[in-house]
Structure formats: C-alpha cells, structure tokens
Amino acid sequence: MKVPLTLGPLSAEGHTILRSGVRWLCNDGYVCRPNEVIGYCNLSLERSGSRTAGAGPFAEEMEIQVGFASRRPGRIRFAAGVALGGYLDIREAKAWDAATVIAEIETDDASAHDGVSEDVRLLMLAGRRMTALADVHSGLLPGWLGRSRAWWGSGDEVPLTLLSLGICDATSVVLGDQTAFLELFADCPHALHVVFHPDHPVAPAAPVLLDQLQRTPSQFKAIAQEVRGYMASSAASPTAEDWMFVGVLLATLGRNPLLDSYSIFTPSGLQTIPPAQAVLLSLNAEPQTLLKHRKLGYRLHVMRHHQAAAGPATRAWMAQEFEVVTLSLEDIRRDYESLIDAISSQTGAKVIVLNRMSTSGYEDISNYAPFDSPMSNTLANIGSKELNLILDEIAETRELYIVDVDTIAAALGGRNHLPDGIHQSGLMQAHLRRELLHILDGLRGMD
Amino acid sequence: MLLELRLSEIVPGMSGATIECVHAVAGSVLKPGARLLDLSIDLSSAFAQECPPISFFRVILRESAVLRRIDVVPGKYMELGEVIALFAPTSDDPVDGPADRSVRIATAGIMHHAEMWTGSHQ
C-alpha cells in the first residue's frame with residue numbers, strides 16, 4: 001500500500017508559521033521505523049495582524065525546527081520539490097500548509113489504506129543559543145545551545161516535561177547520537193516534552209542546583225556586580241576568553257531551569273506548560289571538591305576540562321575569590337536530600353538519578369590494606385558503591401527514582417559498554433533510555 | 001636481580017598515560033602495598049566524546065623491593081611499553097643490563113585528588 005504523508009496541522013495563534021524546504025536525514029527508498037525522524041525543516045513564527053507589546057512566544061529560541069516521522073513502518077519515497085537546496089532549505093520562506101505532501105510510504109501495515117493520505121508525526125525542536133552569535137545553519141538543533149528541547153507536536157494531550165540537568169552520562173541518553181532527542185522520541189510515542197541543559201560552564205552538582213533554585217534576583221545582581229568589579233580591577237588583563245567565559249557563566253547563573261515554564265505549539269495552537277514534572281540528574285556530577293565564593297557564599301562547580309576555556313583573569317578570580325570546599329559522602333547525601341526537598345516543595349517535580357558504575361575490570365586489587373580509611377576517599381569504585389548506597393537510602397525516605405547504571409553496565413559488560421565508567425556504548429544508551437522512559441511512564445500514570 | 005616497571009595496558013584502547021603523582025623516592029626500601037605513582041589515562045583518541053574520558057589509577061607494589069631508579073615526573077606522558085622505574089632486591093644489586101622480570105604490582109582505580117598534576121597544571 002502506498003500512503004501519501006502530509007505535513008498536517010500546526011498552529012500558533014496570532015502568528016503565521018513559515019517553514020524552509022525539507023532536509024532529509026535518510027536516502028530515498030529508506031525503510032523507516034514508526035516514529036523515526038526521517039527529515040526536518042526550519043520554522044519561524046511571524047506575528048500576524050496587530051502587533052502587541054512585549055516578547056512573543058519563543059522569543060529567546062532562535063532555532064525552531066520540526067522533524068517528520070511516519071506513524072507506521074515502511075519504505076519512504078520523497079515527494080518531488082520539497083527539498084529545495086541551498087538557503088531555501090534553511091530560510092523559512094513558505095507558509096505551513098497542512099495538505100503539503102512531503103513523501104509517500106510503501107507499507108505492509110494492515111491498518112493503512114492505499115492512497116489515503118495521513119499526517120506525519122511532528123517532532124518539534126527548539127533551541128536557545130548560548131549567544132545570538134552562535135548562528136550555525138547545519139543540521140538539527142545546530143550551534144551552541146544553552147537549552148534545547150523537543151516535544152511531539154501531534155495530539156492535544158499536555159505533555160509531561162522531563163528536564164535533563166545531568167552530565168555526559170545523561171546527555172547521551174537524552175540527546176542521542178544526533179543531539180536532537182531522536183532516539184528518545186522514537187521509543188516514546190506518548191506526550192512528552194524533554195528539556196536539556198548542557199553541563200557547561202556550570203556543572204549541575206546538587207549544591208550548585210540548590211543555590212540556583214534558591215537564588216533571588218538581588219543575589220544574582222550581587223554576583224554579577226562582583227564579577228564585573230573583579231574583571232575591571234584584575235591584575236591579569238581579561239582576554240577574549242575571559243569575557244566569553246564569564247559572559248556565559250553569568251547567563252547560566254542568572255537562570256533557574258527548575259522553575260522555567262515553556263511555550264509549545266501543537267496542531268491546536270500555542271500552549272504554556274508548567275515547570276518540569278521530572279528532573280534527571282547524574283550522580284557522577286557530584287565532585288569531591290567544589291568552589292564556594294568567599295563573600296557571597298554561592299557554590300560553583302566547573303569541570304576541569306571546561307576550566308581550560310577560561311582566560312587568565314577568570315582563573316585568577318576562581319583562585320582568589322573562592323575557597324575550595326571538600327565534600328564528604330555525608331555532605332553529598334545532605335545536598336541531595338536538600339535539593340529533592342526544595343524541588344518537591346517548589347514545583348512538585350520528581351527527581352530521577354543515574355547512579356554510578358561501581359566495578360571495573362581494569363584494577364587488580366588483591367589486598368586493601370595499603371589504602372587509607374575511608375577508602376571511599378581514594379578508591380573510585382568504593383566511592384561509587386557508597387554513593388549508590390546513599391541514593392538507595394535516600395529513596396527509602398523520599399520520592400527518588402534511580403536509573404541503575406551500575407547493574408545495567410555489569411549485565412552488558414562494562415569493558416565493552418562503559419569503558420571509562422561514564423561514556424556508554426550505543427547499546428547501553430538504548431537500555432538506559434528504556435529504563436528512563438519506564439520511569440516516566442510510571443510518573444505519567446500517577447498524574 | 002633487576003626488576004622493571006613498564007607502562008602496560010590498563011584500559012583497552014589506551015596509547016599511553018600521564019604521570020599524576022610520584023609517591024616513591026629512588027633508594028627507598030619498599031614493602032608490599034607501597035604506593036608507587038598515580039597516573040591518568042585519557043581515551044579521547046580512542047572514543048569520540050564531548051568531554052575527555054579520563055580515568056585515574058594508582059600503582060602499588062605487591063612485593064618487597066628497593067626502588068633503584070624512577071624516570072618520571074608529574075605531567076610526563078608515557079607511551080605504552082616505556083620503562084617507568086627499576087627495582088632490585090637490595091641497594092647493592094647492579095641496575096645496568098636487562099631486567100630479569102617485571103616487578104609485581106597492583107592497579108587500582110582512584111578518585112582525582114588535589115595533589116594530581118591534572119587540574120593544577122591543565
């Protein structure tokens with residue numbers, strides 16, 4: 001059976017939706033799976049009718065795209081003239097027309113009707129640039145984004161929002177290989193909205209997130225003032241790297257992702273949806289030491305490989321204006337409990353955590369006597385086991401959901417699937433994704 | 001009898017390691033369990049990742065020996081197979097000539113710590 005695939009309805013009140021030509025992610029004749037994104041185009045929302053004051057929806061999000069997925073499996077045949085090439089596949093020049101046929105699918109699916117068109121599923125993508133200068137035209141969710149998000153733009157059900165605030169181990173599970181959420185949504189046909197924040201420049205350790213959640217506008221003003229004052233009087237002349245680093249740092253510290261609400265648009269129009277109902281964290285984000293500002297008291301964690309991006313004045317600022325605080329396992333427990341409690345009281349969101357791999361085939365310890373007590377301060381795998389235990393203990397007294405990386409890695413084989421303890425293979429990412437979606441299904445059922 | 005410590009493969013795909021800390025001093029009489037050095041292995045070249053997959057390890061001795069020579073300093077990058085240190089049963093054994101065997105060691109995955117070269121110099 002041959003089924004023409006149409007764009008289907010999409011609307012945003014008071015706006016005309018414009019789109020670019022289609023860029024395909026597969027070859028003509030490719031056999032796709034249901035919900036697999038096979039192509040995409042860029043979108044823009046142009047205000048129509050009378051202009052109102054203030055920023056419109058998506059004002060901050062300069063990257064808006066829509067991915068196309070078939071609802072059923074089959075062989076894709078591209079429609080002529082939908083891919084225009086060059087800037088016409090980048091610039092939004094055509095009005096969105098629900099009846100536009102972009103492809104045809106040859107399918108054996110018994111529920112399809114030959115020649116009767118159906119709408120593609122629309123995976124909506126929106127990205128907020130770290131700087132408006134990050135104007136990159138290539139690919140899905142291109143450029144340097146401080147926040148990216150995706151949701152199925154089909155159906156009127158209000159989606160459940162997952163906010164990802166993890167480090168590498170969460171990033172790959174959430175964003176997938178093309179850093180555009182494609183694998184996660186291919187596995188999830190339900191109403192879901194996923195928001196991703198990168199782990200730079202501020203790494204999302206629990207105490208840092210807690211400070212961010214509780215920070216008032218006047219406290220942020222004091223932080224910004226202190227940074228400006230230091231840079232203005234720094235013995236080390238600030239370089240371009242310094243200005244970029246502290247600019248992004250302030251942009252990040254001034255936001256509060258746990259309290260963000262969001263605009264989405266769907267076939268039935270614009271909606272504003274509340275802050276995330278689920279928050280994904282990485283236990284691997286908890287450091288042994290972090291920085292605490294000597295005067296203002298806020299805590300900051302910048303991972304070592306990201307510190308390399310800072311210029312000399314920023315490094316001097318971090319060395320002089322912050323003290324290094326060592327965190328015990330009990331400190332990490334307390335920070336996690338405080339963060340879970342604060343999130344629960346402010347938004348009611350549930351916290352999901354990726355725990356840590358706690359075994360390794362690369363060590364051959366036959367005698368633990370040479371290691372000082374507490375061994376968790378030295379031996380990475382003992383530290384990981386104790387932190388995993390702390391998570392289990394917290395889950396006994398608070399609503400905390402654990403994605404058991406430790407067990408999944410051990411079952412698949414850590415040597416092949418988690419060689420350094422953090423960066424997983426594709427197969428392991430798929431397992432973790434399924435585990436995460438299973439938890440989200442449970443949360444959805446609790447609504 | 002001359003014993004040697006060469007950098008051998010700890011993690012598949014590694015091409016070398018960076019010395020992070022040297023705990024032992026040449027001339028020391030070392031017992032089983034003595035700390036020799038900490039090193040880091042960066043698999044960036046083997047795995048395309050958005051942040052460097054770095055692991056840290058401590059090498060400890062599993063037999064009694066005198067550390068006769070140690071040729072590394074923190075920050076030095078060692079290729080696989082390079083000689084790191086030479087050991088002998090006593091302080092009098094000659095250290096020239098080929099090694100009789102590898103010194104017996106254990107390798108443990110450790111946390112990054114403040115004394116490491118990575119972090120303070122990178």
statement: Accessible-area loss of at least 20 Å² (1.4 Å probe, chain alone to full protein assembly) applies in region A:276-312 to A:Q288, A:R304, A:H305
message: Need the full-extension length gain, A:M1 to A:Y87, defined as separation in residues times 0.36 nm minus the C-alpha distance. One decimal, nm.
response: 27.5 nm
field: Probe 1.4 Å - accessible area at A:V66, Å² to nearest ten
entry: 0 Å²
message: Can you tell me which aspartates and glutamates have their Cα less than 19 Å from the Cα of A:K295? Leave out same-chain residues fewer than eight positions away.
response: A:D211, A:E226, A:E321, A:E323
message: Run the reach check for A:K94 against lysines, Cα to Cα strictly under 30 Å, same-chain hits fewer than 8 apart removed. What comes back?
response: A:K2
field: Two-site label geometry, A:L296 and B:R101: point separation in nm, points 7 Å out along Cα→Cβ
entry: 6.1 nm
A:V174, A:V116, reordered so the largest accessible area comes first (probe 1.4 Å): A:V116, A:V174
Accessible area of region B:3-110 belonging to carbon and sulfur atoms, whole % at 1.4 Å probe: 51 percent
- prompt: For A:V353, which sequence-distant residues (separation of 5 or more, or a different chain) have an amide H within less than 5 Å of its own amide H, given hydrogens modelled in the peptide plane?
  reply: A:L281, A:Y401, A:I402, A:V403
task: Please give the FRET efficiency for A:D187 paired with A:R334, using the beta carbon to beta carbon distance and R0 = 41 Å, rounded to the nearest 0.05.
output: 0.70
field: Relative counts (whole %) of C-alpha pair distances in chain A, using bins that are 20 Å wide
entry: 23, 52, 23, 2
- request: Please work out how much length the chain gains when fully extended from A:V324 to A:S261, using 0.36 nm per residue of separation minus the C-alpha to C-alpha distance, in nm with one decimal.
  value: 19.3 nm
- prompt: Per residue, how much accessible area does chain B show when a 1.4 Å probe rolls over the protein heavy atoms, in square angstrom?
  reply: 46 Å²
task: Specify the angular offset, from 0 to 90 degrees and rounded to the nearest 10, of the alpha carbon long axis of helix A:380-397 from the longest principal axis of the alpha carbons in chain A.
output: 70 degrees
- line: Measure of exposure for A:D404: accessible area at 1.4 Å probe, Å² rounded to 10, is 50 Å²
field: Per-peptide average of other Cβ atoms within 10 Å, ordering A:389-398, A:137-146, A:119-128 highest first
entry: A:119-128, A:137-146, A:389-398
field: Label-to-label distance, nm, for residues given as A:V101 and A:H305 (7 Å Cα→Cβ offset)
entry: 4.8 nm
- prompt: Are there trypsin sites (Lys or Arg not before Pro) in region A:7-85 that DSSP marks as loop and that have at most 16 other Cβ atoms within 10 Å, and which are they?
  reply: A:R51
message: Before we go on, tell me the buried accessible area for the B/A pair, both chains summed, 1.4 Å probe, in Å² to the nearest 100.
response: 2300 Å²
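The values are calculated or read from the model by the stated rules, or taken from the named source; none is laboratory data. Note that the structure is a prediction, hence the values are computed from the model and not measured. Note that we place each Cβ from the backbone using ideal geometry, even for glycine, and neighbour counts take in every protein chain shown. We work out accessible area using only protein heavy atoms, side chains counted, and drop any ligands, DNA or RNA first. Shrake-Rupley method; radii C 1.70, N 1.55, O 1.52, S 1.80 Å.
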